[in-house]
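Engineer: Below you'll find the structure I mean.
The values are calculated or read from the model by the stated rules, or taken from the named source; none is laboratory data. Just so you know, these numbers come straight off a predicted model, no measurement behind them. Reconstructed Cβ throughout: ideal geometry from the backbone, glycine too, with neighbour counts over all protein chains shown.
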Amino acid sequence: MSIRCRNCIALFVILAVTNLNQLKADIRIGLISLDHPLSLTVNICEGNYEMLTNGQHYYIHTDDNILIARAGNKVLITTASGNTILSDSLVLRSVNPEAFFSIRNNFKETDPREYYGNLVVSSDIESLMVINIIDTERYLSGVVLAEAGFRGNVEYFKTQAMLARTYLYLNINRHTLDGYNLCDNIHCQAYHGRAEVQVISDALNATRDLVLVNADSFLVFTPFHSNCGGQTQSSENVWLTSMQHLSGVVDPYCSQSRNARWVREIEVEKWISYLHEHGYRHLDNNELLFKQLGRKRDYTAGSFSYPLINLRQDWGLKSTFFSTRLEGNTIILEGRGYGHGVGLCQEGARVMSERGFKMEQIINFYFQGLRIIDVDDVKPSVEISSAF
């Protein structure tokens, strides 16, 4: 997962999972990206659906629309035929395996998104709760498209599929108290619904049910980012937690990619003022000069030091991998990379795949000491993992 977080790692306990194989069929995804909807339009794009509400069954067909609105602790449903139903919830169950539907938040100017699988809508606190129940591999197809794009060869997408599937099973109980497994936002893994990209489908089929584990067969945290700028970051420099498989490596593959370099100009007075707020006592502008030939954890100015991850967050920088120079009243940040820098560098991995490296070689380059096994062979355990 391409993680966005502030300056520290939040920890949560993943309960012992003894039935991962039961989740190969379907998973519940909370569609929180709909942004607290009060009213939805659901359109049947292809195939037929069975609508269950108030113990009654209705059949909904291609091109039919359903209007769903929150009505206190119930939902008000208006069908294409003009029937109005007040119910505790609505369930749309696909009759055909290739059936799919779209959803639009009626109060937001956004395009509808399309989904395979089933749909459950109920009233929640001040909005509608919307859950997509979908086959695990079809869900992962949507994740890989949302997180990795559609450009690349099969080895690149096999690599991304491995990371996405490992994250899925590692965090399968993350939203249990909310009534679903994972959400569709970057808080978990980005998921924008139905994906029809052949190379992604091929990659998922080639890696079906495979996950990444450590030497003891426990699932591991496998983050990724857009571009590392030539060197990945060790996990303890970002999240204060050292993980053996997440040690920084020198990456020669991403240096010519789109997000390899960036520049930011800031007024010196604003930069000094910001540092003052965090304990810096200014003596000389030359103190502000800072150089990173390799990744560091802290920015230093004289005897002052401050976490680079805080600077990145507060100034909206593309990465923490930057050096500074002065030009008149301007401090210039010359940066490398895009993202937190830990784990797999996507642009580097894409170049590696184009140069003939296989999925296993790419994973072994960015992650140390991991093994690939079937999810059925994962050891159930109580693990401490990362929550963002």
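Each row is one residue, and each column tells you yes or no for (1) free of Cβ contacts under 8 Å to residues at least 12 places away in the same chain; (2) within 30 Å of F365 (Cα to Cα).
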| residue | (1), (2) |
| --- | --- |
| Y253 | no, yes |
| R264 | no, no |
| S273 | yes, no |
| H278 | no, no |
| Q292 | no, yes |
| D298 | yes, yes |
| F304 | no, no |
| L308 | no, yes |
| R312 | yes, yes |
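Engineer: Here's something else I'd like to know. Which of the residues that make up the stretch 353-370 are surrounded by 16 or more Cβ atoms within 10 Å (Cβ to Cβ) and not small (G, A, S)?
Structural biologist: Once the filter is applied, which keeps residues that are surrounded by 16 or more Cβ atoms within 10 Å (Cβ to Cβ) and not small (G, A, S), the stretch 353-370 yields F357, M359, I362, I363, F365, Y366, F367, L370.
Engineer: Restricting the search to the stretch 83-102, which residues are farther than 17 Å from L67 by Cα and either in contact with a helix residue (DSSP H, G or I) (Cβ under 7 Å, 6 or more places away or on another chain) or surrounded by fewer than 17 Cβ atoms within 10 Å (Cβ to Cβ) (or both)?
Structural biologist: The initial filter retains those residues of the stretch 83-102 that are farther than 17 Å from L67 by Cα, namely 94-99.
Passing the criteria: V95, N96, P97, E98.
Engineer: Shifting gears a bit: Failed condition for V211, given (1) at pLDDT 95 or above; (2) under 30 Å from I29 (Cα atoms); (3) of a type outside the set (D, E, K, R); (4) out of contact with any Leu (no Cβ under 9 Å at 6 or more places or on another chain), with all others met?
Structural biologist: So the condition that V211 fails would be (4).
Every residue, every condition in (1) of a type outside the set (D, E); (2) closer than 28 Å to I103 by Cβ; (3) at pLDDT 95 or above, yes or no:
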{"site": "A148", "(1), (2), (3)": "yes, yes, yes"}
{"site": "I172", "(1), (2), (3)": "yes, yes, no"}
{"site": "T176", "(1), (2), (3)": "yes, yes, no"}
{"site": "G193", "(1), (2), (3)": "yes, yes, yes"}
{"site": "I200", "(1), (2), (3)": "yes, yes, yes"}
{"site": "T222", "(1), (2), (3)": "yes, no, yes"}
{"site": "N237", "(1), (2), (3)": "yes, no, no"}
{"site": "H245", "(1), (2), (3)": "yes, no, yes"}
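Engineer: Which members of the stretch 59-78 meet the condition of being surrounded by 16 or more Cβ atoms within 10 Å (Cβ to Cβ) and of a type outside the set (D, E, K, R)?
Structural biologist: Hits for the stretch 59-78 are I60, I66, I68, A69, V75, L76, I77.
Engineer: Next question. Of all residues being in contact with a His (Cβ under 9 Å, 6 or more places away or on another chain) and buried (at least 21 other Cβ atoms within 10 Å of the Cβ) in the stretch 33-58, which is nearest to S127 (Cα to Cα)? Just the residue, please.
Structural biologist: The residue in question is M51.
Engineer: Which numbered condition trips up K74, out of (1) farther than 17 Å from L38 by Cβ; (2) more than 29 Å from the chain's Cα centre (by Cα); (3) basic (K, R)?
Structural biologist: (1)
Engineer: Now for a separate question. Could you list, in sequence order, all residues of the stretch 152-175 that are closer than 28 Å to M129 by Cβ and either in a loop (DSSP other than H, G, I, E, B) or more than 18 Å from the chain's Cα centre (by Cα) (or both)?
Structural biologist: N171, I172, N173, R174, H175
Engineer: I'd like to know if the stretch 251-274 contains one or more residues that are among the aromatic types (F, W, Y) and under 30 Å from P380 (Cβ atoms).
Structural biologist: no
Engineer: With respect to Y156, is the statement that it is among the hydroxyl-bearing types (S, T, Y), touching a Phe, Trp or Tyr at 6+ places or on another chain (Cβ under 7 Å) and either buried (at least 18 other Cβ atoms within 10 Å of the Cβ) or within 24 Å of L246 (Cα to Cα) (or both) true?
Structural biologist: So Y156 fails the test.
Engineer: Please count how many residues of the stretch 22-50 are more than 27 Å from the chain's Cα centre (by Cα), farther than 21 Å from T136 by Cβ and either among the hydroxyl-bearing types (S, T, Y) or modelled with pLDDT under 95 (or both).
Structural biologist: Here the count works out to 0.
Engineer: Please determine whether any residue of the stretch 113-122 is of a type in the set (V, I, T) and touching a Gly at 6+ places or on another chain (Cβ under 6 Å).
Structural biologist: no
Engineer: Give the residue, chosen from L145, L128, that is closer than 21 Å to P37 by Cα and surrounded by fewer than 23 Cβ atoms within 10 Å (Cβ to Cβ).
Structural biologist: Matching residue, one of L145, L128: L128.
Engineer: List every residue pair whose Cβ atoms lie under 6 Å apart, where the two residues are 6 or more positions apart in sequence or sit on different chains, the first residue falls within the stretch 58-69 and is among the aromatic types (F, W, Y), and the second residue, located anywhere, is not in a strand (DSSP E or B).
Structural biologist: No pair meets every condition.
Engineer: Mind counting the residues in the stretch 103-115 that are touching a residue at least 12 places away in the same chain (Cβ under 8 Å) and either of a type in the set (F, W, Y) or under 18 Å from A69 (Cβ atoms) (or both)?
Structural biologist: 8
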